[in-house]
Amino acid sequence: MKRFLIFVLISALFCVATLQGVAQDCQTFKLWPDGAPNKSEAPGPEKSTNDGLLRIENITEAELYVYLPEKKNNTGAAVVICPGGGYWIEAIEHEGHDIAKFLKSQGIAGIVLKYRLPYGNAEVPLSDALQAIRFVRSKAAEWGIKPDRVGIAGASAGGHLASTAGTHFDEGNPNSAGIARLSSRPDFMLLLYPVISFDESLGHIGSRENLIGKTHDWKTVSRFCNELQVTDRTPPVFFILSDDDSTVNPLNSIRFYMALKQHNIPAELHIYQHGGHGFGMKDKTKPVTAWPSLFITWLKEMKII
């Protein structure tokens, strides 16, 4: 028993050290310092695993990891980043911190959102994503960010969360004394091999069930089919995915792109022949991982930076 406890303690210390190593050169903020308006109950304490890819599970407290660029090359743009993980874990390194560090090197504030996982409360992740947008806007002057240059990014299920934020935002409450008065609408979206639809014909059933349960109630399901929620106010989108993705059907992105076109929303869709799923920024040898430079070019063409 004593050896087991020592093993557990060493493992916990290793995970803390790993997280600290990943999240270097950034500031950390509690997203809801006064307590979140809604809660979820995790099956156990928050923990991380690292088998070559760092993942965190049982997340019940949202945090922001903020990577601010040097003043000399600051573009004024910012991106809130939602790591993927099927709404049951978060691949926070190669789909979070690595992207944020790249953005920082390009003069863009990279802000990793460690969002709360749902555990039976589908509203929890979305409320974190929208609050993160507001939080960044509230810090705009302090961080050297332009309030109309705040975007959101997401990979896989994090792409579902990001696209949900881009289709379920509000314009803020002018009667609020706090940051709720600020708009939660992202100004642009970066979606990497995203889950978009909860339609059973192509939806990622794991993400769907982890977020909304095993319900077949169409009102509930369709609310999170984001290709059905596009309006003229949906922000522009940049997509990266692979044709050989066997985890999330590329039709998710294609349907969302088509819905954007019906509303004349600017969008750029890149489908690589090879790359599979979950590449993020972890493997520099694959052609698909050249996507960051394409994204920067798109931001310039859109006059965001």
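The values are calculated or read from the model by the stated rules, or taken from the named source; none is laboratory data. Quick caveat, the model's predicted, so the values are computed rather than measured. Please note: Cβ atoms are built from the backbone with ideal geometry, for glycine as well, and neighbour counts cover all protein chains shown.
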Of ALA129, ALA100, ALA36, which residue is of a type outside the set (S, T, N, Q) and farther than 26 Å from ARG208 by Cβ?
-> ALA100
Any hit, the stretch 254-263, residues being among the basic types (Lys, Arg), part of a helix (DSSP H, G or I) and free of Cβ contacts under 8 Å to residues at least 24 places away in the same chain | yes
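Taking GLY178 as the residue in question, decide whether it is more than 27 Å from SER246 (Cβ to Cβ) and without any contact (Cβ under 8 Å) to a residue 40 or more places away in the chain.
Numbers: more than 27 Å from SER246 (Cβ to Cβ): yes; without any contact (Cβ under 8 Å) to a residue 40 or more places away in the chain: yes.
It is true that GLY178 is more than 27 Å from SER246 (Cβ to Cβ) and without any contact (Cβ under 8 Å) to a residue 40 or more places away in the chain.
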Count of residues meeting criterion [surrounded by 12 or more Cβ atoms within 10 Å (Cβ to Cβ), modelled with pLDDT under 95 and not small (Gly, Ala, Ser)] in the stretch 280-305 = 6
Residue within the stretch 252-272 that is of a type outside the set (S, T, N, Q) and over 30 Å from THR231 (Cβ atoms) present | no
Do we find that GLU142 is charged (D, E, K, R), closer than 26 Å to SER222 by Cβ, out of contact with any strand residue (DSSP E or B) (no Cβ under 8 Å at 6 or more places or on another chain) and surrounded by fewer than 24 Cβ atoms within 10 Å (Cβ to Cβ) in this structure?
-> no
Write out, first by first residue and then by second, each pair whose Cβ atoms fall under 6 Å of each other, whose residues are 6+ apart or on separate chains, and whose first residue, in the stretch 147-175, is surrounded by 24 or more Cβ atoms within 10 Å (Cβ to Cβ) while the second is in a helix (DSSP H, G or I) and of a type in the set (Asp, Glu).
-> ALA155/GLU95
In the stretch 240-279, which residue that is in contact with a Ser or Thr (Cβ under 8 Å, 6 or more places away or on another chain) and of a type in the set (Phe, Trp, Tyr) is surrounded by the fewest Cβ atoms within 10 Å (Cβ to Cβ)?
-> TYR272
Sole exception among (1) out of contact with any Asp or Glu (no Cβ under 8 Å at 6 or more places or on another chain); (2) among the basic types (Lys, Arg); (3) touching a residue at least 60 places away in the same chain (Cβ under 8 Å) for ARG223, by number | (3)
Candidates SER201, SER183, SER156, SER105, filtered to the one that is among the polar types (S, T, N, Q), in contact with a helix residue (DSSP H, G or I) (Cβ under 9 Å, 6 or more places away or on another chain) and closer than 18 Å to ARG55 by Cβ = SER156
Quick one: in the stretch 181-192, which of the residues that are part of a loop (DSSP other than H, G, I, E, B) and in contact with a Phe, Trp or Tyr (Cβ under 8 Å, 6 or more places away or on another chain) is farthest from LYS282 (Cα to Cα)?
-> SER183
Flag if VAL237 is among the β-branched types (Val, Ile, Thr) and in contact (Cβ under 8 Å) with a residue 60 or more places away in the chain = yes
Does at least one position in the stretch 205-214 carry a residue that is out of contact with any Leu (no Cβ under 7 Å at 6 or more places or on another chain), surrounded by 24 or more Cβ atoms within 10 Å (Cβ to Cβ), assigned to a helix (DSSP H, G or I) and charged (D, E, K, R)?
-> yes
